[in-house]
Each structure stands twice: as structure tokens, then as C-alpha cells.
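Working notes for the structure below.
The values are calculated or read from the model by the stated rules, or taken from the named source; none is laboratory data. Note that the coordinates shown come from a computational prediction; the quantities given were computed from them, not determined experimentally. Heads up, the Cβs are rebuilt from the backbone with ideal geometry, glycines too, and the neighbour counts pull from every protein chain shown.
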Amino acid sequence: MDIEGIIAIIVTFSTAFGIVYIVMSTRHREHMAMIQRGINPKEGSRRTDPERALKTGMQMIGVAVGLGCGYLLEVYTSMERPWVYFGPVMFFVGLVMILYYFRSRKPV
């Protein structure tokens, strides 16, 4: 094994370790700050957001409809390009996000 391969392996594992370390130390600092303020850190993480679930579900529907339209576009036009799938998926996910924005914004 040459020196470039060894360096690549070391850099890859060092990067993964660094990311995990930063995430864990940040989470620890957040928990300590919550404890200082008198907040139980375990209670804050249990809350679920139904709006987030709705947004994720709408995005998944947009992806499914986009893939279906991409398939139909590929079959009926005999095009075999990546944008045949990528374009409709991005269009429908964007459309769903616009619909979600109008649904969730607060009335003035």
C-alpha cells in the first residue's frame, strides 16, 4: 500500500471522529446549559412536531409523484437521461413546499 492510500484512510477516519466529537461535545454543552437554567434536558427531546411530520409526508408524496412522472416521460419519449427523473422530482417537491408554505403561514 502506498503512502497516499494510508493518508486517505487516516484522513477519512479522522474526519469521522472529528464530526462525532463535535456533535457529542455540542450536545453535552447544550444539556449543561439547560440544567443550569433548571430545565430537564430529557423532557425537551421527547416533544414531536406534527407540522414537521406533515411537511415530510408532503415531500415524500412530491418525490413519488415526480418519480412517476419521470417514468412516464422516459417510457413515452424514449429519453434515457438523468434529468428525465431529476427534473420532475425537483418540480413536484418544490410545488409541495410552496403549498406547505401557504398552508402553514399565519394569517395577518
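Numbers for the structure displayed
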{"quantity": "Residue satisfying condition, being in contact with a Gly (Cβ under 9 Å, 6 or more places away or on another chain) and either at pLDDT below 90 or not assigned by TED's automatic domain parsing to the domain that holds V93 (or both), within set M24, M34", "calculated": "M34"}
{"quantity": "Test set (1) surrounded by fewer than 11 Cβ atoms within 10 Å (Cβ to Cβ); (2) at pLDDT below 90 - I98 fails condition number", "calculated": "(2)"}
{"quantity": "Long-range neighbours under 7 Å by Cβ, at least six apart or interchain, first residue under 29 Å from Y100 (Cα atoms) and in the same structural domain as L99 (by TED's automatic domain parsing) within the range 60-85, second of a type in the set (S, T, Y) and surrounded by fewer than 16 Cβ atoms within 10 Å (Cβ to Cβ)", "calculated": "none"}
{"quantity": "Conditions (1) assigned to a loop (DSSP other than H, G, I, E, B); (2) closer than 26 Å to E51 by Cβ: number failed by F102", "calculated": "(1)"}
